[in-house]
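Novice: Dumping the structure here so I can ask a few things about it.
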Amino acid sequence: MSAINSHLLQVGVLREQRPGERRVAMVPHDIRRLSVKAVLLAEREAGRDAGFPDNVYVEAGARVTSRGDVIAGSELLVTIRPPEAPQALRPGSILISLGGRDDDLASALRARSVTHLGLERLPRTTRAQSMDVLSSQAAIAGYAAVLEGARALDVLLPMLTTAAGSIKPAKMIALGAGVAGLQAIATARRLGAITHGFDVREAAREQVESLGAKFVFPNVEMAPAEAAGGYAAEQSADQLTRLRRALAEHLAPMQLIVTSAQIPGKPAPLLIDEQTIAALQPGTVIVDLAAESGGNCLATRPDETVTTRAGIRILGQTNMPSAAATDASRLVSGNARALLDHLIDDSGRLRLEGDDPIIVALLAGQTPTRALVSAVQEDRQP
C-alpha cells in the first residue's frame, strides 16, 4: 500500500456469499469517487457476477486481493448481506450491511467487538434518502417482479389485435403501494396491462392513480394505517381477516398479482389465504416480494414456485433485485457511497459520534470500539 494513502481509512468490499446473490456492494465508479478520502480494497471477483471484472476495480483505484486480506486489512467493511462467518471479521472493525434486525447476527458481531451499521435502520428522511438501500432495491424488485410474473403467465399483458382475432389486456394488481408496488404498477402499465393498486394507507391513492392505475380501497374499518417513517401500520388479526375477505372479490378477476406488503421487523401480513386462492382464475400468477419475511400469500414458499391443483402459480423469490444485478449493484453502490461520504469527512476523519440522527439510527445503541476510532484519527494527525 502506498505511503501517500497510509493515513486514510481502509474500506473493504466483499464478494457476496449467499447462493444466487449476484450483486456487489460497491462498483468501480463509486470506488473511484471515494478514493480521495479512503483506501479501497476489493475481494477478487467481487463484482464478476454483476458485470464488473477485477481489472475495472484496479483501474478505479482499488486494491484487489483475497477475502482474508480484505478482512484483515479493512477497518470498515461494506457488503450487501452480512458475511456467513461473522466470527472471522477483524475485532474492532465496522460492518455496513443488511441484517440490522437479525438478533443472532447482532450477538455474533458483539462477541467479536464488531460495530454493525445495519442498513435497515437508516431513517426515512430527506437527508438519508440517497443512502436508502431498501428503497433503491425495492424499485428494482418491483420491475423484475412484473417481468418474472409475465414469463409465468399463460396470457399476454398487452392487448393484441391480429387477423386471427383480438387478445384482451391482462389485469394486474399490486398489494402494497410502496416503492416496489408502485414500480410494479408502472412496469405492468408500460407493458400494456390494466393496472390496479391497493394499500391500507389512503394517502397512497394519489400515487397509485398518478400512474394511471385504479386504487382499490375496501370498505373495512382499519387501525391507523401509517406508522412512523411512512410504513404501513400493523393490523390486528381480526382486521386482517376482514381485509382478506374484502380484498378477495377484487383479486378474483386478476391475472397477475404482485404483493409487497411488509411491517418492519415483523412477519409480513397475510393478505391472500386459502379461500382467496380458491377463488382465483386458473393460470393466475402471484409474485410474492414478501417471501423472505413469511409472505403475503399463505401458499408462498421462499425461493420456490408453487403451483396449485387449479393452476395458480405463486413465485416466492427472495432476492428479486439480483435478476438485474448490474443496475441493482449500481444503485446499492450509490447508496453505500452516499453513506460513506456522510461518515467520512473531507479530511478522512471517521464520524461515528455525536447526535447526528443518521449515525444514531445506524448504531442503534452500539458504542463503536474507541480503540479503532482513536487509532484511525491518530494516524491522520499531521
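The values are calculated or read from the model by the stated rules, or taken from the named source; none is laboratory data. All figures in this text were calculated on a predicted structure; none of them were measured in a lab. Glycine also receives a Cβ, built like all others from the backbone with ideal geometry; neighbour counts cover every protein chain displayed.
Novice: Just give me the residues in the stretch 50-63 being under 24 Å from the mean Cα position of the chain (by Cα), buried (at least 22 other Cβ atoms within 10 Å of the Cβ) and assigned to a loop (DSSP other than H, G, I, E, B), in sequence order.
Specialist: Phe52
Novice: Now, a different point. So which residues in the stretch 293-324 are buried (at least 22 other Cβ atoms within 10 Å of the Cβ) and either within 30 Å of Thr115 (Cβ to Cβ) or without any contact (Cβ under 8 Å) to a residue 12 or more places away in the chain (or both)?
Specialist: Asn319, Met320, Pro321, Ser322
Novice: So, one more: Identify, from the list Val332, Val287, Val306, the residue that is in contact with a helix residue (DSSP H, G or I) (Cβ under 6 Å, 6 or more places away or on another chain), of a type outside the set (Ser, Thr, Tyr) and assigned to a strand (DSSP E or B). Please lay out each step first, then the result.
Specialist: Details: Val332 fails: assigned to a strand (DSSP E or B); Val306 fails: in contact with a helix residue (DSSP H, G or I) (Cβ under 6 Å, 6 or more places away or on another chain).
Of the residues listed, the single one that is in contact with a helix residue (DSSP H, G or I) (Cβ under 6 Å, 6 or more places away or on another chain), of a type outside the set (Ser, Thr, Tyr) and assigned to a strand (DSSP E or B) is Val287.
Novice: Are any residues in the stretch 267-284 assigned to a loop (DSSP other than H, G, I, E, B) and out of contact with any helix residue (DSSP H, G or I) (no Cβ under 8 Å at 6 or more places or on another chain), and if so, which ones?
Specialist: The answer is Gln281, Pro282, Gly283, Thr284.
Novice: Criterion first (assigned to a helix (DSSP H, G or I), closer than 30 Å to Ile272 by Cβ and either at pLDDT 95 or above or assigned by TED's automatic domain parsing to the domain that holds Glu21 (or both)) does Ser374 satisfy it?
Specialist: no
Novice: Another question about this same structure. Looking at Glu59, Glu43, Glu84 in this structure, which one is in contact with a Gly (Cβ under 8 Å, 6 or more places away or on another chain) and more than 17 Å from Gly334 (Cα to Cα)? Lay out the reasoning, then the answer.
Specialist: On the way: Glu59 fails: in contact with a Gly (Cβ under 8 Å, 6 or more places away or on another chain); Glu84 fails: in contact with a Gly (Cβ under 8 Å, 6 or more places away or on another chain).
Only one candidate qualifies: Glu43.
Novice: Still on this structure, please answer the following. What residue, among those in the stretch 64-105 that are acidic (Asp, Glu) and not in a loop (DSSP other than H, G, I, E, B), is surrounded by the fewest Cβ atoms within 10 Å (Cβ to Cβ)?
Specialist: To start, the set of residues in the stretch 64-105 that are acidic (Asp, Glu) comprises 69, 75, 84, 102-104.
Okay, now just the ones that are also not in a loop (DSSP other than H, G, I, E, B), so 69, 103-104.
On the way: Asp69: 15, Asp103: 7, Asp104: 9.
Taking the candidates together, the pick is Asp103.
Novice: Pairs needed: first member in the stretch 254-273, in the same structural domain as Arg151 (by TED's automatic domain parsing); second member anywhere, acidic (Asp, Glu); C-beta distance under 7 Å; at least 6 residues apart or different chains.
Specialist: Pairs that qualify, where the first residue is in the same structural domain as Arg151 (by TED's automatic domain parsing) and the partner is acidic (Asp, Glu), are Thr259/Asp288; Ile263/Glu234; Lys266/Glu234.
Novice: Residue by residue through the stretch 346-361, note down the ones that are out of contact with any Lys or Arg (no Cβ under 6 Å at 6 or more places or on another chain) and farther than 15 Å from Arg121 by Cβ.
Specialist: The answer is Asp346, Ser347, Arg349, Leu350, Arg351, Glu353, Gly354, Asp355.
Novice: Another one. Of the numbered conditions (1) surrounded by fewer than 16 Cβ atoms within 10 Å (Cβ to Cβ); (2) at pLDDT below 95; (3) out of contact with any Pro (no Cβ under 9 Å at 6 or more places or on another chain), Glu353 fails exactly one; give the number of that condition.
Specialist: All conditions pass for Glu353, except number (3).
Novice: Identify, please: which residue in the stretch 266-291 is among the charged types (D, E, K, R) and modelled with pLDDT of 95 or more and is, among those, surrounded by the most Cβ atoms within 10 Å (Cβ to Cβ)?
Specialist: In this case the residue turns out to be Asp288.
Novice: Could you tell me whether Arg124 is out of contact with any Phe, Trp or Tyr (no Cβ under 6 Å at 6 or more places or on another chain), of a type in the set (Lys, Arg) and part of a loop (DSSP other than H, G, I, E, B)?
Specialist: Criteria met by Arg124.
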